[in-house]
Amino acid sequence: MQNDPASGLPRPYFASLMTFPAACFIAAAMTDLIYARSANMTWETFSIWLLTIGLITAGVFVVIGLIQALGQHRWPSLITRIGYAIVLVLSLFNAFVHSRDGYTSVVPAGLTISVVVVAVLAATWVLNQVVRSHRSYPASFHLSERS
Amino acid sequence: MMRPWSLPLLSAASAPLALALALAGCHSQVASPDDQIGPDVVLPAPHNYLLPPMKIATPAPWENGQAPTAGAGLKVQAFASGLIHPRSVYALPNGDVLVAETDGPHPPINRPKDYIMGVIKGTATKGPKAPNDIILLRDSHHVGVADQRFTFMTHRHSPFGMALIGNDLYVADTDAVIRFHYTPGQTTITDPGEKLTDLPGGPIDHHWTKSLVASPDGTKLYVGIGSNSNITENGMPAEFERAAIWEVDVATGAHRLYATGTRNPNGLTFEPVTHKLWAVVNERDELGPNLVPDYMTSITDHGFYGWPYSYWGKHLDPRVKPQAPDLVAKAIVPDYGLGSHVAPLGMAFSTGGAMPPNNGAGAMPPQYRGGAFVGEHGSWDRDPFNGYKVIYIPFANGRPAGKPVDVLTGFLTADDHAHGRPVGLATDIDGSLLVADDLGNSVWRVSAAQ
């Protein structure tokens, strides 16, 4: 990964790593939609495994992010931190909903939460982009990568 | 009552989380068990859980001389102990008793929940894995204690039901009914037998016990086939010809569905006055501590008993899509509720010992004759516990008549451990009651206190 030209330290890995669990949660929303249309339990099974894999890997990446933050003082942006905190709490909750048996494991609560998670992920990325596009001048706009 | 772990979640919650928590709901009421015993039951509204209630009784096996407590006018003896996971008993006409030391096949992990439930439920069992053998016990001195023990059959495929028609012994493994030639007095069978019919078995095999009974005229076998899931979470194709009672023709092995919608039917037996088929049925989980009551019922030809679409008649289960209104419209209300999550796995009518050698003298006091004994394996998803005992339900004119009476209790300790768990039942030729205890690794014999 590219180092920060100002400090020479590596950029925070957290946001890049979290694209994997994010992809799992987005895929879970898609399989939830297919289940809601088909009532074929295979799709619900996809969803709960995607949520589980996403949460386990996210747990590892949060630890990596914390090590880097506390050890190297490289924090991900405030938007990234808040966004993923909401995503992970909702997805943990969603995994319990998806562990119910039958239709109510997805409809309505599970599907609703999955869609909200996708919306929060999208908002996180968009807000990060907006902030980044304003970041260079002046430097005080930096919300991210404070050392 | 809010589940304790949900509090930190709630404090971190955004609006949709709080909304969904509200959906998860609260459950404070645990109805008196009496409200769900008998022909009329009280049914609360169903709940959706984030984390369903669980309360497992950890094993504390019987120690030397310990035994369950017999009901009024009864005594209990250890007919046999030191068995490995005895799950069902069958009394042969010559007085020998067959016991299946059996357990289900290893279930596959389809969802993360299956793994977690396996770990949690594993804490309720103890000891070596069942050998899937059938043991023959013989009480040669007629004292109520088996003094001889033979390995009758070995390494079967999760055997459970047994039925003798003439000299043909039928054994219901989890995946087939097998016929063996049996000569009275025989203590071991080594021939591989002859398959009468396949039964729905693995790879999932969620409810694996196949209860078996012969029709009074000996031309048909009735087989209890449990569902392949709690409530269709393994998909409807996995439920093909399951949650049903099969009628199998003894001559040809052909079968038809005698009744359907029975989630996990066990203890199949014919009522001695009306010669009607009865069963105890384990109902669905995760709708609440007081849903759905397990039941005992007469089985009507072509009857539909609700699963998966509805329970206790026409109460729709919100977890099943698509629904089947045509079937629900004809769903039969069961005859007699036993309480929620008591897990009835054995049933036997009390004949009172009408058969030789007693010729009616009977090992049971008169107040325990003519009705049904039911063995309740006990709850794992309910606080406080329910079941963990053997009860007697009086009958009159072939119908239940009155409240249950405790026959065997004391399986639970005051600090929530279990000494044993009653499963399969049989009445032997004296009319005494035999109870398989798969946690206590014993067979208990209950007869009149004298």
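The values are calculated or read from the model by the stated rules, or taken from the named source; none is laboratory data. Computed from a predicted model, the values in this text were never measured in an experiment. Please note: Cβ atoms are built from the backbone with ideal geometry, for glycine as well, and neighbour counts cover all protein chains shown.
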ask   = Going by the structure shown, is B:Met296 more than 14 Å from chain A (Cβ to nearest Cβ) and surrounded by fewer than 24 Cβ atoms within 10 Å (Cβ to Cβ)?
value = yes
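Hey, any hits in the stretch A:38-46 for a residue that's outside any helix (DSSP H, G or I), free of Cβ contacts under 8 Å to residues at least 60 places away in the same chain and within 27 Å of A:Ser99 (Cβ to Cβ)?
yes
Please tell me if B:Val223 is within 23 Å of B:Tyr309 (Cβ to Cβ), away from every other protein chain (no Cβ under 14 Å), assigned to a strand (DSSP E or B) and within 22 Å of the chain's Cα centre (by Cα).
So B:Val223 fits the description; yes.
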ask   = Applying the selection to the stretch B:233-249, what residues are hydrophobic (A, V, I, L, M, F, W, C) and either surrounded by fewer than 21 Cβ atoms within 10 Å (Cβ to Cβ) or touching a helix residue (DSSP H, G or I) at 6+ places or on another chain (Cβ under 7 Å) (or both)?
value = B:Met236, B:Ala238, B:Phe240
task = Restricting attention to the stretch A:100-115, report how many residues are at the interface with another protein chain (Cβ under 8 Å from one of its Cβ atoms), assigned to a helix (DSSP H, G or I) and surrounded by fewer than 21 Cβ atoms within 10 Å (Cβ to Cβ).
result = 1
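Just to check your reading of the model, which residue among B:Arg256, B:Arg242 is away from chain A (no Cβ under 14 Å), in a loop (DSSP other than H, G, I, E, B) and basic (Lys, Arg)?
Going through B:Arg256, B:Arg242 in turn, just one is away from chain A (no Cβ under 14 Å), in a loop (DSSP other than H, G, I, E, B) and basic (Lys, Arg): B:Arg242.
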inquiry  = Looking at (1) touching a helix residue (DSSP H, G or I) at 6+ places or on another chain (Cβ under 7 Å); (2) at pLDDT below 95; (3) within 14 Å of chain A (Cβ to nearest Cβ), which one does B:Leu291 not meet, given that it meets all the others?
reply    = (1)
key: Matching residues, the stretch B:16-47, being surrounded by 19 or more Cβ atoms within 10 Å (Cβ to Cβ), within 14 Å of chain A (Cβ to nearest Cβ) and modelled with pLDDT of 90 or more   = B:Pro46
note = Scanning the stretch A:75-99 residue by residue, those basic (Lys, Arg) and crowded, with 22+ Cβ neighbours inside 10 Å turn out to be none
note = Filter the stretch B:189-215 for residues that are over 17 Å from B:Arg242 (Cβ atoms) and out of contact with any strand residue (DSSP E or B) (no Cβ under 6 Å at 6 or more places or on another chain); the one that is nearest to the other protein chains (Cβ to nearest Cβ) is B:Ser215
All positions within the stretch A:45-100 that are among the basic types (Lys, Arg) and farther than 30 Å from B:Asn48 by Cβ = A:Arg74, A:Arg81
note = Residue hits (the stretch B:299-338; away from every other protein chain (no Cβ under 14 Å), buried (at least 19 other Cβ atoms within 10 Å of the Cβ) and in contact with a helix residue (DSSP H, G or I) (Cβ under 8 Å, 6 or more places away or on another chain)) are B:Phe304, B:Gly306, B:Gly337, B:Leu338
The listed residue being in contact with a Lys or Arg (Cβ under 7 Å, 6 or more places away or on another chain), among the aliphatic types (A, V, I, L, M) and touching a residue at least 60 places away in the same chain (Cβ under 8 Å), out of B:Val374, B:Val292 = B:Val292
task = Could you please tell me which pairs satisfy a Cβ distance under 8 Å, a separation of 6+ or placement on different chains, a first residue in the stretch B:304-332 that is without any contact (Cβ under 8 Å) to a residue 24 or more places away in the chain, and a second residue that is among the basic types (Lys, Arg)?
result = B:Val328/B:Lys314; B:Ala329/B:Lys314
task = Could you tell me which residue of the stretch A:47-76 is nearest to the other protein chains (Cβ to nearest Cβ), considering only residues that are touching a residue at least 60 places away in the same chain (Cβ under 8 Å) and either under 20 Å from B:Gly235 (Cα atoms) or not in a helix (DSSP H, G or I) (or both)?
result = A:Ser47
query = What residue, among those in the stretch B:103-135 that are among the hydrophobic types (A, V, I, L, M, F, W, C) and under 22 Å from B:Tyr388 (Cα atoms), is surrounded by the most Cβ atoms within 10 Å (Cβ to Cβ)?
reply = B:Ala130
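Based on this model, can you work out whether B:Leu51 counts as within 14 Å of chain A (Cβ to nearest Cβ) and either in contact with a Phe, Trp or Tyr (Cβ under 9 Å, 6 or more places away or on another chain) or modelled with pLDDT of 95 or more (or both)?
When the stated conditions are applied, B:Leu51 passes them.
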task = Considering every residue within the stretch B:313-320, establish whether at least one is within 29 Å of B:Val89 (Cβ to Cβ) and of a type in the set (Lys, Arg).
result = no
ask   = If you scan the stretch A:24-46, which residues turn out to be facing chain B (nearest Cβ under 9 Å) and surrounded by fewer than 17 Cβ atoms within 10 Å (Cβ to Cβ)?
value = A:Asn40, A:Thr42
Within the stretch B:113-161, considering residues that are among the hydroxyl-bearing types (Ser, Thr, Tyr) and free of Cβ contacts under 8 Å to residues at least 60 places away in the same chain, the one farthest from B:Lys210 (Cα to Cα) = B:Ser140
